[in-house]
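Since the structure comes first, as structure tokens, the remarks are kept for the end.
The values are calculated or read from the model by the stated rules, or taken from the named source; none is laboratory data. Remember, it's a predicted structure, so these values are computed and weren't measured experimentally. Virtual Cβ from ideal backbone geometry, glycine too; neighbours counted across all protein chains shown.
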Amino acid sequence: MRIANLDNRATLVTDNGLIDVERASAGRFSTSTDVVVGQLDELRSWLAEAGPDVTEPTTPDELLGDARLGPVVSRPSQVFAIGLNYRTHALEMNLTVPAKPMVFTKFASSLGGANSCFPIPSSRVDWESELVVVIGRRGRHVSPDDAFAYVAGYCVGNDLSCRDLQMQGPSAQFSLGKSYENFSPIGPWLTTIDEIATPDSLEITCEVNGVLYQDSNTSDMNFGVGELVSYISSVCELRPGDIIFTGSPHGVGQGQRPPIFLRVGDAVLTSIEGLGCIRNVGVAG
Ligand code: ZN
């Protein structure tokens, strides 16, 4: 299944058209994707039984550029992000690959939709294409082998980063510099886990103004999805709707020679095989 947040309403995206989940189920399911991502088994059973008609004949391709697409989840209890999870990215940042996952947060108020615009608050705003994991079940102390039972699905994300704010001070602090408004676009929709054979071998790319800067594969991740879910759950309780930005491959702006950063009007296109793409444009601010 593909589930979008369309105008703040959970919406199934099928090849034939869109299905408004709350309306088609006569109120059995919530309008909120934050709630629905925790009820995927029930939703799947209802779909098979009820066979609802599409409520809008829009195809997935037509939906991609739609301004109604909001963040896949809007009010996660936790937003985790992983630093330096691709070896080649650690190298380009002149940093070493961590022995354990390096976990930080992006604040939930920075979440944006597939076509959201983000401000350019400084001359050092950078892009980071990332696979985003959406949690579907409450869990603690989850083993790597069981981890996928706690995952609702995946979406495309960009961990936009204001490098000067991130690096100011005696040691780097990641959270604020990565949490300006719409600095965490996620979308275009949730693709449920059953649609993706393995999240650890997906092509991931990022283009800025049509120029390909990031061209990698999630197989280059140092810690895979199962290890990340397990590791985080050894400390924090995972809850439905929580998300994990799993880290960026190489090819960020700071890694270019000389470095390149985003300016007003720049369009950032982030794509992941099987999950779709998001397109976000920098605006003054
Ligand atoms: Zn990142």
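Key figures for this structure:
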{"read-out": "Residue within segment 219-229 that is of a type in the set (Ser, Thr, Tyr), over 16 Å from the mean Cα position of the chain (by Cα) and modelled with pLDDT of 95 or more present", "value": "yes"}
{"read-out": "Residue tally, condition assigned to a helix (DSSP H, G or I) and at pLDDT below 95, over segment 8-30", "value": "0"}
{"read-out": "Selection within segment 218-243 - assigned to a helix (DSSP H, G or I) and either more than 15 Å from Val132 (Cβ to Cβ) or acidic (Asp, Glu) (or both)", "value": "Ser219, Asp220, Gly226, Glu227, Ser230, Tyr231, Ser233"}
{"read-out": "Meets criteria (touching a helix residue (DSSP H, G or I) at 6+ places or on another chain (Cβ under 9 Å) and at pLDDT 95 or above) for Ser123", "value": "yes"}
{"read-out": "Selection within segment 40-59 - within 16 Å of Trp189 (Cβ to Cβ) and touching a Phe, Trp or Tyr at 6+ places or on another chain (Cβ under 8 Å)", "value": "Leu43"}
{"read-out": "Those strands (runs of 3 or more DSSP E) lying entirely in segment 104-161 with at least 3 residues under 21 Å from Ala67 (Cβ atoms) and charged (D, E, K, R)", "value": "none"}
{"read-out": "Sole exception among (1) more than 16 Å from the ligand (Cβ to nearest atom); (2) under 28 Å from Pro259 (Cβ atoms); (3) at pLDDT 95 or above for Val79, by number", "value": "(1)"}
{"read-out": "Number of the exception - Ala172 against (1) touching a Phe, Trp or Tyr at 6+ places or on another chain (Cβ under 6 Å); (2) within 14 Å of the ligand (Cβ to nearest atom)", "value": "(1)"}
{"read-out": "Number of the exception - Ala172 against (1) at pLDDT 95 or above; (2) surrounded by fewer than 19 Cβ atoms within 10 Å (Cβ to Cβ)", "value": "(1)"}
{"read-out": "Options Asp215, Asp194; residue that is of a type in the set (D, E, K, R), surrounded by fewer than 20 Cβ atoms within 10 Å (Cβ to Cβ) and not in a helix (DSSP H, G or I)", "value": "Asp215"}
